[in-house]
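Colleague: Here it is, the structure in full.
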Amino acid sequence: MVEAHYPIQLVAHLTGLSAHVIRIWEHRYQAVDPRRTRGNRRVYSERHVERLNLLRDATSIGHRISQVAHLPTAELRRLAGGPALASGPGLRLSRPVSTVSRLIDESLSAVHRLADDELRECLRRAVVELGILASLHRVAAPLAQAIGDQWREGTITAAHEHFATAVIRDFLATTARPLGSLAGAPVLLVATPAGQIHEIGALLAASTALNLGWQVTYLGASLPAEEIAGAARQCGAKVVALSLVYPEDDPFLDGELTRLRQSLPDGVALLAGGRAMPSFARALRRIGAIPVDGLAALGATLERLRRMQQRNRC
């Protein structure tokens, strides 16, 4: 799979660092080495995003960026899991439990207990502490994966999964929405194809795109190919994004994907993501769909498609 590359604005959202701080860490301390596009724009890889997250964690517990910027990433991972040095001779601070890990654990506990208010409060705190996009990428997406894993293992029931989906859907609709008008922005249609019954991934993809400045038409779960294509025509979608989560062995999905590609207007890009995506890699390649591995990759892909559309209009 081709490695995704992210613009600095998206990296800032994903790490909680300002673009200014990222540039300073790059120039002054050589903390990361992003490549440049032909237009001299910085683009960062997953490796860079991970490293910036680790450096942010290290500095938040007392390490100076000048002391840790040149450490290998493996050493930064170890440092992030151990005690931190504070300023002052001989003084040590015990590293608190990571904010992200704590929020995921508390959210999962709320799902187990069907505690509506507690789950909403965990999601709200994630947005406050991390920002909207980083909270989707680092809390909500891992939470959705954990819920899916536990449902398949029998640790929780379908009722728990439906409960979590309903709370997350309502939370994203009322809280994790962008401010301001999106008039004139390109349109993204998000759905899961017929037979794909889990929609948390689609919800997270829709919210991510909204906060990256796209107009989003969200259709929900398990829609026939012809209905997805018809909605795409009606709303003038430039991109259709599919979430493929479960089941991973659906014998009918290949046909649905083929019919969708045949029914979509020419020039509409088709994206596919979700944990079941690798199971349908051959079918996705056949129809020219773009594989998207996670919300960060979705953001980078949407940014690339938007730039391509802008160039085509010129």
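The values are calculated or read from the model by the stated rules, or taken from the named source; none is laboratory data. Small disclaimer: the values here were computed from a predicted structure and weren't measured. Neighbour counts are summed over all protein chains in view; Cβ atoms, including those assigned to glycine, are modelled from backbone coordinates with ideal geometry.
Colleague: Scan region 233-251 residue by residue and report those that are surrounded by fewer than 21 Cβ atoms within 10 Å (Cβ to Cβ) and touching a Gly at 6+ places or on another chain (Cβ under 6 Å).
Modeller: Asp250
Colleague: Can you pull out the residues in region 209-228 that are under 17 Å from the mean Cα position of the chain (by Cα) and of a type in the set (A, V, I, L, M)?
Modeller: Ala209, Leu210, Leu212, Val216, listed by residue number.
Colleague: State whether one or more residues within region 106-120 are in a loop (DSSP other than H, G, I, E, B) and in contact (Cβ under 8 Å) with a residue 40 or more places away in the chain. Spell out the reasoning first.
Modeller: Filtering region 106-120 down to residues in a loop (DSSP other than H, G, I, E, B) leaves 113-115.
In the following step, the residues that additionally are in contact (Cβ under 8 Å) with a residue 40 or more places away in the chain were identified as 114.
Checked against the condition, which is being in a loop (DSSP other than H, G, I, E, B) and in contact (Cβ under 8 Å) with a residue 40 or more places away in the chain, region 106-120 yields at least one hit.
Colleague: Can I ask one more? Restricting to region 232-264, count the residues that are assigned to a loop (DSSP other than H, G, I, E, B), under 20 Å from Tyr218 (Cα atoms) and not aromatic (Phe, Trp, Tyr).
Modeller: Summing the residues that are assigned to a loop (DSSP other than H, G, I, E, B), under 20 Å from Tyr218 (Cα atoms) and not aromatic (Phe, Trp, Tyr) in region 232-264 gives 6.
Colleague: Say whether the condition of being surrounded by fewer than 17 Cβ atoms within 10 Å (Cβ to Cβ) and either modelled with pLDDT under 90 or in the same structural domain as Gly131 (by TED's automatic domain parsing) (or both) is met by at least one residue in region 258-266.
Modeller: no
Colleague: Also, I was wondering about something else. When region 269-286 is examined, which residues are found to be buried (at least 17 other Cβ atoms within 10 Å of the Cβ) and either among the small types (Gly, Ala, Ser) or closer than 26 Å to Gly230 by Cβ (or both)? Full working, then the answer.
Modeller: At the first step, the residues of region 269-286 found to be buried (at least 17 other Cβ atoms within 10 Å of the Cβ) are 269-277, 280, 283-284.
Selection gives Ala269, Leu270, Leu271, Ala272, Gly273, Gly274, Ala276, Met277, Phe280, Ala283, Leu284.
Colleague: Can you name the residue in region 7-36 that is part of a loop (DSSP other than H, G, I, E, B) and among the small types (Gly, Ala, Ser) and is also surrounded by the fewest Cβ atoms within 10 Å (Cβ to Cβ) among such residues? Don't jump to the end; show me each part of the working.
Modeller: Step one: filter region 7-36 for residues part of a loop (DSSP other than H, G, I, E, B), giving 16-18, 30-34.
Cutting the leftovers down to among the small types (Gly, Ala, Ser) gives us 16, 18, 31.
Values: Gly16: 19, Ser18: 11, Ala31: 22.
Selected residue: Ser18.
Results for (1) modelled with pLDDT of 90 or more; (2) closer than 19 Å to Ala12 by Cα, shown as yes or no for each residue.
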site: Ile22; (1), (2): yes, yes
site: Arg42; (1), (2): no, yes
site: Ser45; (1), (2): no, yes
site: Glu50; (1), (2): no, yes
site: Leu79; (1), (2): no, no
